[in-house]
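Heads up: the structure comes next, in structure tokens.
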Amino acid sequence: MSYKIIFIGDVSGGAGRKAVQHFLPGLIEKHQPDLVIANGENATHGHGFNRVHHKELTDAGVHFFTGGNHSFYEHEHVSMLNQKDPDVIRPANYPPGAPGRGWKIVETGMRRIAVINLQGRAFMKEEVDCPLRTLSKIMNEELAHEHLDSIFIDFHAETTSEKKAMFYYCEQFERVSAVVGTHTHVQTNDAQVGPTGIGFLTDAGMCGAYRSIIGVAVEPILKRMLTQLPQKHIYNEDGGLQFNGVLFKMEQHDCTEVTPINLTFEN
Ligand SMILES: [Fe+2]
């Protein structure tokens, strides 16, 4: 029997949370997804994730959260990563000793879906371990004997090429059914289902202010570019709210359809 996963691109600040609260309940009613995953690393003021904002998003219908390079900025984010049976994970390829874990098996109804979070290395500040070798280790050792319906991967990376490379690297793993990129906050127009049944989108985009530079208010960023002086990042709701996500339709280990979601609301 088929099942569905909705993935929500980086939730950026209050406008991002508001966009999720505004759009997600209707999307859940329309599509009846078995699992809703969001990248939550920017949900609190653009840097990290606290418990109040976690509750806002779970109340709106999100079941599980991935992260990235902003997973370790907030004390409460780290405590959520460290809690028993967490619903928040961080990239698996941080060096040993990092708080939390990089993959988790999520049970939803009759389904067992492993969600894996990885971070890219090209143009990223953090010198994380190789995402490809880390994935091979997870697949060949840690998940090798798990009965799973599907494996879902959020690859948090800067370049389109590294994300595309991850998609093709995953073709060797029969149970991987979705690879979606995050971090650049701009939804790409290349949704596809590969020959081995992997649904792929280079970047899911973001939820946040429509008139923004990847979620951040425009004017301070322009001022920084013109003056080279530091400016505070402001997360407002200019231009209304934007919701970016992806709907994956699955059939056992295979994705059958990938549909990007791109909605705006003039508030
Ligand atoms: Fe990021």
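From helices alone, the chain scores -7000 deg cm²/dmol at 222 nm; the rule is -39500 (n - 2.57) for each run of n ≥ 4 DSSP H residues, then divide by the residue total. Using all Cα-Cα distances in region 135-244, what percent lands in each 10 angstrom bin from 0 up to the longest? The calculated distribution, bin by bin, is 14, 33, 26, 16, 10, 1. With the convex hull of its Cα atoms as the shape, the chain has an orientation-averaged projected area of 13.5 nm². Taking a ≥ b ≥ c as the square roots of the Cα gyration tensor eigenvalues, with a/c under 1.5 meaning rounded and otherwise prolate when a/b beats b/c, else oblate, which class fits region 10-94? Prolate is the answer for region 10-94, as a/c is 1.5 or above and a/b outweighs b/c. Projecting the Cα positions of 61, 73, 152 onto the charge dipole of the chain (unit charges on Cβ atoms of Lys, Arg, Asp and Glu, taken about the Cα centre) puts 73 furthest along the positive direction. A DSSP coil position with no more than 12 other Cβ atoms inside 10 Å describes the following chymotrypsin sites (Phe, Trp or Tyr not before Pro) in region 67-155: 123. Contact order for region 2-265, expressed relative to its length and based on alpha carbon pairs under 8 Å spaced 6+ residues apart, stands at 21 percent.
Accessible surface calculations at 1.4 Å, restricted to protein heavy atoms, place the chain at 44 Å² per residue. What whole number of Å gives the distance from the Cα centroid of region 135-153 to the Cα centroid of region 60-105? Centre-to-centre distance over Cα atoms comes out at 18 Å. The magnitude of the dipole of the chain, with charges of +1 and -1 set on the Cβ of Lys/Arg and Asp/Glu and taken from the Cα centre, is near 420 debye. Using the Cα coordinates of region 83-183, the gyration tensor eigenvalues translate into equivalent-ellipsoid semi-axes of 21, 16, 12 Å, sorted from longest to shortest. A convex hull fitted to the Cα coordinates of region 2-151 yields 119 cubic angstrom per residue. Inter-label distance, residue 2 to residue 110: 1.6 nm, where each label sits 7 Å from its Cα along the C-beta direction.
Once backbone amide H atoms are built at 1.01 Å from N, residue 88 has 65 as its partners under 5 Å, excluding neighbours fewer than 5 places away on the same chain. For the residue pairs 55/104; 55/164; 104/223; 30/232; 30/223, alpha carbon separations beyond 31 Å are given by 55/164; 104/223; 30/232; 30/223. Using a probe radius of 1.4 angstrom, the carbon and sulfur fraction of the accessible surface of region 2-265 is 52%. You can think of it this way: the chain between residue 127 and residue 144 has 3.4 nm of extra reach, that is 0.36 nm per residue less the Cα-Cα gap. Region 1-45 and region 154-212 have Cα centres separated by 16 Å.
The values are calculated or read from the model by the stated rules, or taken from the named source; none is laboratory data. These numbers come from a predicted model, not from an experiment. Neighbour counts run over all protein chains shown; Cβ positions are idealised from the backbone, glycine included. Surface areas here come from the heavy atoms of the whole protein model, side chains and all, with no ligands, DNA or RNA. Shrake-Rupley method; radii C 1.70, N 1.55, O 1.52, S 1.80 Å.
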